[in-house]
1. Please determine, in degrees from 0 to 90 and to the nearest 10, the orientation of helix 17-26 with respect to the longest principal axis defined by the Cα atoms of the chain, where the helix direction is its Cα long axis.
2. So for the chain, averaging the separation of alpha carbon pairs under 8 Å that are six or more residues apart and normalising by length, what relative contact order in percent results?
3. Mind checking the full-extension length gain between residue 62 and residue 26? Use 0.36 nm per residue of separation minus the Cα-Cα distance, one decimal, nm.
4. Once both axes come from the Cα atoms, what is the angle between helix 63-76 and the longest principal axis of the chain, in degrees from 0 to 90, rounded to 10?
5. For the stretch 6-61, what D do you get in µm² per second when you plug the Kirkwood radius from alpha-carbon pairs into Stokes-Einstein at 25 °C and 0.890 mPa s?
6. Relative to the first principal axis of the alpha-carbon coordinates of the chain, what is the inclination of helix 31-41, with its axis defined by its Cα atoms, in degrees from 0 to 90 and to the nearest 10?
7. Where does the chain land at 222 nm, in deg cm²/dmol rounded to the nearest 500, when only DSSP H runs of n ≥ 4 count, each adding -39500 (n - 2.57), divided by all residues?
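What follows draws every value from the coordinates through simple rules; no lab data is involved. Since this is a predicted model, take the numbers as computed values, not measurements.
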């Protein structure tokens, strides 16, 4: 978003930083992003995980291992 006025208009009525980020994501014109947002709004968790697994697989990574490692770090207080 290059136009500052567009950004300011987007922030009108926003109650939290979370809402601002959600609005930015929703305003994205990328069809893949729109599809992911729709899946998230509908609570399609397994579909989102399948998407993530495929994306990770394409880059030679393992989603399940990295996800579990991330969750473990949060539980141990190693993140945030």
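1. Compared with the principal axis, the helix lies near 90 degrees.
2. With pairs under 8 Å counted, the relative contact order is 11 percent.
3. Taking residue 62 through residue 26 to full extension adds about 10.2 nm, to one decimal.
4. Value to nearest ten degrees: 80.
5. 191
6. Helix 31-41 sits roughly 80 degrees off the main axis of the chain.
7. About -22000 deg cm²/dmol.
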